Structure formats: structure tokens, C-alpha cells
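Next up is a structure, given as C-alpha cells.
The values are calculated or read from the model by the stated rules, or taken from the named source; none is laboratory data. These numbers were taken from a predicted model, which means no experiment stands behind them. Positions of Cβ are generated from backbone atoms using ideal geometry, with glycine treated the same way; all protein chains shown enter the neighbour counts.
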Amino acid sequence: MPDDTNYALNLGRVLDGLAESIAEAPEEQLLEELQQEGIDPAANASATRALLLGAVVKHEQRLLNEARERIRSRRQETTVLTGTAPEARRTLLQRLFTSQPQFAEMVTAHYRDLSQLTDGDVESCLEDLAELGVSLEPTDKGE
Amino acid sequence: MAKGAPHAENDRVAGPAEVRTAIEAMTVGDFARLRLFGRQKLRALGDRAGGVTEEDLLSEAMKRGLEGRRRWDPSRVDFCGFLIGTMRSMASHLARAEPGSAGIPFLEASLANDDDPSPMDHHARTEVTPERQAAARDQLAALEHYLIDDAEATLVIGAWKDGMTGPEIKETLSWTQADFETVVRRIRRQARSFNQGGSNA
């Protein structure tokens, strides 16, 4: 049942009804009403277009920043691989599989048997893990 | 203009290039609609708007669209309609905000239940002070006074107060969209006179 004494509720509903009517109103009416609000339609179009396009540019900048960060991170991982001797890479992979067995589940069965892997296989496996976001930085250099 | 339709699981997210093209294609009338809709939604919220401006609403709507938190399907609605739907959803969230919640930070944190058919119901049921009731009573009385000789406008205002939506009113009264538009335009014209002097605070 409507409550005639809840003026705030009723006013809110009326003003919201007016807002919804704007969503459906013909353009020529809106241009006239905008002018009656003291806003020049052309200036409004220009300012609002700039605001919307500015949001797109901001979003694109964020995408670029994220991509730059991903590339930087990938290059760091690659540096770890290229600057490491084959035996050290094998040790790194062995340590990764031992300390964090879930990483072994992220590669194919072929890769889990380290004794059967060539140096190239080890490098490839480390690259795959790096691609999956696994950090290849040794966490305990004393081991 | 279609309301923002509920999005399906497989809706894709429009990329920045597609959004940019859509913005470039928008008309002066589209920008007028966005400005007036945002402004009127905030007037309806009154002090619940918490200092949010229509520019804030638009910027946030854009951000949500670009980040995929609201999905725009160009086959269902044009970009202006998408932004209107997103602003509607955000206004609804603001209407449900706890008293004292800051506008945009609240919007940022609130992502649940995008569609609320009657956000004003919550709005006016929380923290309704006697002062706010008195101000609202005066504004309603002023609007109704301006339109006292306009029987159709009075009908529509009464229906809105009862919680009916535009489509429900049209259907009940067997009005066409043009009939409804003509009446509502008269109400908007009268409402503007007190909108420019205050809001639903």
C-alpha cells in the first residue's frame, strides 16, 4: 500500500520516474531541456565526448602498463635461464619439483623424470613453468 | 532507447577500439541524454548521492565497461543505452548505501545485484529525518501545485508515488509512448523550476 505520509519516498520515486523518462525521451526535447538547464548542447557534447574518450585512453594506458610489467617480468625469468649453466638449471628444476610438487603436476609426465631429460628439455620445461607464472628465482641459495 | 539488458555468460567485452568508435558515433542528443539522465538520477538520490556528480557516474560507467565488470553487447543496445543502464545500476547502489557511505568509494566496492527495480524504496526508508520529510513534502506540494490543473500529469505523479514504472503506467492507461512523453515532458518542465533551486535532500 502506498504511504502518503512518506514524502521522501514519494519524492524520490517521482524524481526517479522523471530520470527514467529521460532515458526514453526524443532527442530534440532533450536538447531543448539541456538549454533550459543553462547548458549549451554543443559544448556538452564536446565535454562529454572528451570525458568518455579520456576514460578510454586511461584504460589503454593501464593495459600498456600491465603489458610492460608482464614483459619485464618475463625478461627477468629469461635472464635467470640464460645466465645459468645446464647442470644448475637441472638442479633448479629438481628443487622446484621437490619443494613444491604441485609444479610437477603443471608439466607433462615426460618432464617429471629428470634423468630422461636432455638439457634442452630442462630449459624448455623451465620456460614453460615461467610462462605459467612460476618464479624461477632460487629462494634458498644455501641448498 | 532500450534499458541495459541482463548480460549473458557468453557476452564478450568490447575492446577500447570498439568503444572509441562508438563514442565517435554518438550524437549531440546522446550526450544530452547522458547528462540529463545522470543529473536527474542524482537529484532523485538527494543526499544519498554523497557528492557524486554526473561526470563521476559517467566516468565510472566507462571504467566498468572497459574493464568488463559491465558487459556491452552492441547487438542488443547502443553505447549510449549501455552507459544509461550502467549509471542506472550505480544510482541503485548509491540508493542502497548505508548513511555516511562516500559516493564513488562505495560504488567501487559494490558490485552485487546490478538490477534493482525500485532503488528509491530503500533510499527513503533509511535515515528519514523529520527535516528531510518536511523538505520532501514541500517539494512535492510545489510540484503538485504547479500541475494542479493538469489531470494527466497528476495521474502520472500519483502512479509514480505508488511505485509504478513508466511502462506500467502506459499499459494501465493504454497510452502510447508519445502520449506518455507529452505528459511527462510537462512534468519535467515544471520540476525543473524547483530542481534548479534544490534537490531531494
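Out of the residues in the stretch B:66-90 meeting the condition of being touching a His at 6+ places or on another chain (Cβ under 9 Å) and within 17 Å of A:V56 (Cβ to Cβ), tell me which one is surrounded by the most Cβ atoms within 10 Å (Cβ to Cβ).
B:W72
The rows are residues; the columns are (1) more than 10 Å from chain A (Cβ to nearest Cβ); (2) farther than 26 Å from A:I39 by Cβ; (3) polar (S, T, N, Q).
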{"position": "B:H145", "(1), (2), (3)": "yes, yes, no"}
{"position": "B:E152", "(1), (2), (3)": "yes, yes, no"}
{"position": "B:L155", "(1), (2), (3)": "yes, yes, no"}
{"position": "B:G163", "(1), (2), (3)": "no, yes, no"}
{"position": "B:D179", "(1), (2), (3)": "yes, yes, no"}
{"position": "B:V183", "(1), (2), (3)": "no, no, no"}
{"position": "B:I187", "(1), (2), (3)": "no, no, no"}
{"position": "B:A191", "(1), (2), (3)": "no, no, no"}
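How many residues are outside any helix (DSSP H, G or I) and either free of Cβ contacts under 8 Å to residues at least 40 places away in the same chain or among the hydrophobic types (A, V, I, L, M, F, W, C) (or both) when one looks only at the stretch B:19-57? Spell out the reasoning first.
Step one: list which residues in the stretch B:19-57 are outside any helix (DSSP H, G or I), which gives B:25-27, B:50-53.
With either free of Cβ contacts under 8 Å to residues at least 40 places away in the same chain or among the hydrophobic types (A, V, I, L, M, F, W, C) (or both) added as a condition, the list becomes B:25-27, B:52-53.
Number of matching residues: 5.
Test of understanding: among A:R68, A:R75, which residue is of a type in the set (D, E, K, R), modelled with pLDDT under 90 and within 30 Å of B:T21 (Cβ to Cβ)? Before you say what the answer is, go through the steps one by one.
Numbers: A:R75 fails: within 30 Å of B:T21 (Cβ to Cβ).
Residue meeting the stated conditions: A:R68.
Which one of these does A:R70 not meet: (1) under 37 Å from the mean Cα position of the chain (by Cα); (2) under 22 Å from B:M164 (Cβ atoms)?
Result: A:R70 passes all but (2).
Do any helices (runs of 4 or more DSSP H) entirely within the stretch B:58-170 hold 1 or more residues that are in contact with a strand residue (DSSP E or B) (Cβ under 8 Å, 6 or more places away or on another chain) and either at pLDDT 95 or above or among the small types (G, A, S) (or both), and if so, which?
On the way: elements: B:79-95, B:103-109, B:119-125, B:130-146, B:151-161.
Where helices (runs of 4 or more DSSP H) fall fully within the stretch B:58-170, none carries at least 1 residues being in contact with a strand residue (DSSP E or B) (Cβ under 8 Å, 6 or more places away or on another chain) and either at pLDDT 95 or above or among the small types (G, A, S) (or both).
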